[in-house]
Amino acid sequence: MYFKSKALWLSFLLPWIPLVIWGCAGSDDSSEDQARAMAAASTRPIQPVDLNAIARIRDEGLNHSQVMETASYLTDVIGPRLTGSPNLKRANEWTRDKLTSWGLQNAHLEAWGPFGRGWSMKRFSAEVIEPQSIPLIAAPSAWSPGFDQPLEAEVVMLDPRTPSDLDAYAGKLAGKIVLVGGERPVKAHFSADGTRYTDDELTQLAARGARGPATSLAELLQNAGRRGAPAARGPASNPAVAANIVNQIFNFAARENAALICSPSTIGDGGTIFVQSARSIGTGAARGPTSVWSVDPNQIPPQITVSVEQFNRMARMIKAGEKLKMAVNLKVETHNDDPMAYNTIAEIPGTDLKEQVVMLGGHMDSWHTGTGATDNGIGVSVAMEAVRIIKSLNLKPRRTIRIALWTGEEEGLFGSAAYMKQHFGQAIGGRGAGGGDRGTRRPRGGATSAPAGPRVDKQPEYDSLSAYFNLDNGTGKIRGIYCQGNVAVAPIFKQWLKSFSDLGANTITLSNTSGTDHLSFDAIGLPGFQFIQDPIEYSTRTHHSNQDVFDRIQADDMKQASTIMAAFVYNAAMMDQRIPRKPGY
């Protein structure tokens, strides 16, 4: 998931600060407006559900599931799937062939891009070798350069309190391994890392309006503090100032010709490290014209992330006067032979409404330190299982069902956004998919009025899409669905969920959720939806970490999710009419 529902872990040591606060400021809609709109929608006739088909879907999905076998091959065998890497291309081809073996048609890889350079890690180890041996839990950042020969170098600490303090380090960092910053406090865990939604939390979620409650930076920082992240100190208490200081420290170390920049994991402990993209000199984030995956990036110094406890120990040893030396073996490979990336697409053809399409999917790319299990191998496996269920039961959907397994999601929803442009359309005004609130439009004068969103340059296929259903909120079971402010779909989805209330799925909320591929649809006015899922350990342990592995997947939750996704897709494919769209589209 692309920075979804994640606290801003601010500290003086952040390698880079993804200040992605989606536009969820207060709504213009009053609760009375929304209640009236919901009441009006609920009076419209709703097509009955084929309960016999749903019963068959339940039996196949819950009692004869293959979802964990699919997830294991994707994560254990193929492994991490960084965009542009050979592993991701292998995953593209394997999923295409697997879907074909299940009887889906028109299975193919669809190119988008150009993306840029791929990257893969060929060999890595890191340890302190003097004054004693300390094997390190660490990982290189994606797109970091490696070394022709293993590096052995003195370890020094760069921990300025203000940018002016950097002058004292001039001429002292060349050829050294530089620990950027000082200790990060580690607190005990007095609440469980893994959680499920309580009934009260789901009730509150259901009561949210189309845009949800405001989430202030102060609230995000407070949440970060609860999870044990350190409070920002000194000038770093201001996010803009903090980002500027981090940039200055990083750029200073790189320009002083440090051999390797070593940072602590800014969240996580107990051997869990959170690692994403490397940083290049002069940029505050690994995106944009100087993205580290660019074919011609700015200078990128070698850089790794170390578990916080071990980083802290090294920092304390240096403060105590010890002379540390580390040995780091880092070999990487960049891949320039094909600048394009690929989405995997396959279909179950429809019958009398076959020219119309219901889509489902999740993103197949991942970060590199784990195996991309909860983010988002399970979303891919669940979507694949959903179409396997429908196909194995020989159900005959009226509309064509199309599965899309996206890539480039982690770098910015690239694959799904490119698919929108190629097949359905693109925003030509307003904020759209590229910024602001990622395409969520603030209604004027109440929930039923036309949106103030962008105009759309529509492709011929625009009117063929009924809906898209996405899964990318970790390994938790489905508890309901976000309606993305689309009042008209709420009573429809409420009826569909009745068949699964015994499985814990009964929450409908008008609010939006952010950070994954359904937003590419929503940004151009197409019905795109993400399911509500139990958080489990997503934010606390697995999201973009070395613990994002198969063992953290909850098998029963995935069976439940596959079954519900199959039912939603089948119901949408069988309706007489398309899924309603927001006013104005």
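The values are calculated or read from the model by the stated rules, or taken from the named source; none is laboratory data. Just so it is clear, the model here is predicted, and its values are computed rather than measured. So basically every Cβ, Gly included, is an ideal-geometry build from the backbone, and we count neighbours across all protein chains shown. What goes into the accessible areas is simple: the full protein's heavy atoms, side chains included, and nothing from ligands, DNA or RNA. Shrake-Rupley method; radii C 1.70, N 1.55, O 1.52, S 1.80 Å.
Annotations for the structure displayed:
- Selection of strands (runs of 3 or more DSSP E) fully inside the range 465-519 by the criterion of at least 3 residues being open to solvent by less than 10 Å² (accessible area, probe 1.4 Å) returns 465-470, 478-482.
- Among (1) open to solvent by 20 Å² or more (accessible area, probe 1.4 Å); (2) assigned to a helix (DSSP H, G or I); (3) within 25 Å of residue 199 (Cβ to Cβ) - the single one residue 567 does not satisfy: (1)
- Among (1) under 20 Å from the mean Cα position of the chain (by Cα); (2) under 20 Å from residue 363 (Cβ atoms) - the single one residue 90 does not satisfy: (1)
Residue by residue, here is whether (1) more than 33 Å from the chain's Cα centre (by Cα); (2) under 25 Å from residue 314 (Cβ atoms) holds:
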residue: 172; (1), (2): yes, yes
residue: 175; (1), (2): yes, yes
residue: 178; (1), (2): no, yes
residue: 182; (1), (2): no, yes
residue: 187; (1), (2): no, yes
residue: 195; (1), (2): no, no
residue: 200; (1), (2): no, no
residue: 203; (1), (2): no, no
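- Residue in the range 261-281 that is in contact with a Cys (Cβ under 9 Å, 6 or more places away or on another chain) and either modelled with pLDDT of 95 or more or buried (at least 21 other Cβ atoms within 10 Å of the Cβ) (or both) present: no
- Selected residue (criterion: nearest to residue 534 (Cα to Cα)) from residues of the range 338-371 that are open to solvent by 10 Å² or more (accessible area, probe 1.4 Å) and acidic (Asp, Glu): 347
- The number of residues in the range 202-234 being at pLDDT 50 or above and surrounded by 15 or more Cβ atoms within 10 Å (Cβ to Cβ) comes to 7.
- Test: residue in the range 372-388 that is open to solvent by 10 Å² or more (accessible area, probe 1.4 Å) and either aromatic (Phe, Trp, Tyr) or in contact with a helix residue (DSSP H, G or I) (Cβ under 6 Å, 6 or more places away or on another chain) (or both): no
- Qualifying residue in the range 371-392 (condition: of a type in the set (D, E, K, R) and not in a helix (DSSP H, G or I)): no
- Verdict on residue 272 being within 30 Å of residue 397 (Cα to Cα) and in a loop (DSSP other than H, G, I, E, B): no
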